[in-house]
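Reviewing the structure listed below.
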Amino acid sequence: SAVRLKYLVNKVYGYRLGLKASVKARLLGGLVANITPSAIGGEPARAAYLKKIMGRDMEELYALALYEVYYDVIMVNTMALFPAFLYLPVSIPVILVALFMLVSWLSMSYLIKRDSNNSNDSFLPRISIRFPGFYERFVKFSNGYKEISSKIGLSGMFALALLTLAYNTTWGLAACFLTEEPRILEAIIAYYFMMSMGSLPTPGGSISSEYGLSIILPPSTVVSYRTLFYYSTILLGLFVAARELAEKNG
């Protein structure tokens, strides 16, 4: 995921983000994501760290972070949706969540790019009357999002999708080491179920993520895997945050 962020920053801005800095950005984002409902805090945290390094506007970097996670949402829910039909009826929640996330994020991406043009049918002219400060920030954000989308190109989209599948599938493979009878394909599918269900508004995707895993994996593996997935990100994120605070105060 850090390689993906590094690639995205270089592709869009021509800025050579170091791999170490990219890892820090991802871990700090993961820390905040794991303690906020639907992981909603991950992108602002990542954008704030990139702002510290790159010195660009927060709105622009938030657009970058949101564009990055767009690939997670689309790829993860697509990979969860089709295998879910093999596990009916217990997988019905996965199908519903995956469909909702795909439709909502595809629609959101379209609307953001459309509203960057400030067209007559956009809600921006109406909202600018009552909230001028929000209007200015949203224009910066939406223009930044559209600019990022236009600069990526087909080759960039393919690279980002491939990197997204690579790192998510690697996380899925980790479950194989925590079960007595490891089955690679089932472990990977269980991971995508977990990530799709984790979109529900609970802190760090708790309960819903465990349900996604339990469709395929035994209870003991579900507990050990969720502990690994959840606390490894939090502990590493806390370590990075402590180091950053020490450097700031030192």
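Taken as a whole, the condition of being open to solvent by 30 Å² or more (accessible area, probe 1.4 Å) and under 18 Å from the mean Cα position of the chain (by Cα) applies to SER232.
Within the stretch 42-90, the set of residues being on the phi < 0 side of the Ramachandran plot and among the small types (Gly, Ala, Ser) comprises GLY42, ALA45, ALA47, ALA48, ALA63, ALA65, ALA80, ALA84.
Cβ separations smaller than 8 Å between residues 6+ apart or across chains give the following pairs from the stretch 11-28 residues that are more than 16 Å from LYS52 (Cβ to Cβ) to residues that are open to solvent by less than 30 Å² (accessible area, probe 1.4 Å): LYS11/ILE152; LYS11/GLY156; VAL12/LEU64; VAL12/ILE148; VAL12/ILE152; LEU19/ALA2. Scanning the stretch 160-191 for residues that are aliphatic (A, V, I, L, M) and touching a Ser or Thr at 6+ places or on another chain (Cβ under 9 Å), which turns out farthest from ILE95 (Cα to Cα)? Only one residue tops the list, namely LEU178.
Taken over the stretch 163-177, the criterion of being hydrophobic (A, V, I, L, M, F, W, C), within 13 Å of MET194 (Cβ to Cβ) and either open to solvent by 60 Å² or more (accessible area, probe 1.4 Å) or within 16 Å of the chain's Cα centre (by Cα) (or both) is satisfied by TRP171 alone.
When residues in the stretch 75-99 are screened for being touching a residue at least 60 places away in the same chain (Cβ under 8 Å), open to solvent by 30 Å² or more (accessible area, probe 1.4 Å) and part of a helix (DSSP H, G or I), 4 of them pass. Looking only at residues in the stretch 2-41 that are among the hydroxyl-bearing types (Ser, Thr, Tyr) and either at positive phi or part of a helix (DSSP H, G or I) (or both), which one is surrounded by the most Cβ atoms within 10 Å (Cβ to Cβ)? Filtering the stretch 2-41 for residues that are among the hydroxyl-bearing types (Ser, Thr, Tyr) and either at positive phi or part of a helix (DSSP H, G or I) (or both), the one surrounded by the most Cβ atoms within 10 Å (Cβ to Cβ) comes out as SER22.
The values are calculated or read from the model by the stated rules, or taken from the named source; none is laboratory data. Predicted, not measured: the structure shown is a model, and the values here were computed from it. All Cβ positions, even for glycine, are placed from backbone atoms using ideal geometry, and neighbour counts span all protein chains on display. Calculation scope for accessible area: heavy atoms of the full protein, side chains included, ligands and nucleic acids excluded. Shrake-Rupley method; radii C 1.70, N 1.55, O 1.52, S 1.80 Å.
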